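A short reminder: the numbers here are calculations on the coordinates, not readings from a lab. Please read these numbers as outputs of a predicted model, since none were measured by experiment.
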Amino acid sequence: MHPEKEDMGRVLAIDYGKKRVGLAVTDPAQIIANKLTTVATNELWDFLQNYFSKETVDEVIIGYPRQLNNQPSEAVTYINPFIKKFKREYPEMNLELMDERFTSKMAFQTMIDGGVSKKGRRNKAMVDAISATIILQNYMEQKRNSF
């Protein structure tokens, strides 16, 4: 199907929100995490179907919010149904949950450190995409350190 593709597929990270979903992806060699895009939550299924038809994806990481006491946050009430449907739609896809407690704060700090203006930092879509990238980077570091 994709003769130019290498044997490895990408890893896709999803920062799932009520209104928007931030997405990040690795390169095919799974070395670098890159911000991909942000889509409206109601457009996510179409986006995923289209993306999976064009790219080889080995695994999907979903940011799973926990409270400081490590209990799931209220956000899981809308994330859990998404996870359930994802497993039903893509049963062959390896799915991992990654703690995303501080990613929005880290994304915001990354924007400040990168010189993004105050107006730019109010761009929630950018924050979501950077959050997804941080989730993916954290996952990849954890995976590397476990070998």
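Show the residues, 5+ positions off or on another chain, whose built amide H is closer than 5 Å to the amide H of Glu96.
Val60, Ile61, Ile62
Relative to the present Cα-Cα distance, how much length would full extension add between Asp27 and Ala40 at 0.36 nm per residue of separation? Mind showing how you got there, number by number?
Details: separation 13, 0.36 × 13 = 4.68 nm, distance 2.35 nm.
My answer for the length gained is 2.3 nm.
Quick query: amide H of Leu36 versus all other amide H atoms, modeled in the peptide plane; which residues come in under 5 Å with a sequence gap of 5 or more or a different chain?
Sorted by chain and number, the residues that satisfy this are Leu23, Ala24, Val25.
Under 5 Å between amide H atoms, partner at least 5 residues away or on a different chain: which partners does Thr56 have, H built in plane at 1.01 Å?
Amide H neighbours of Thr56: Arg10.
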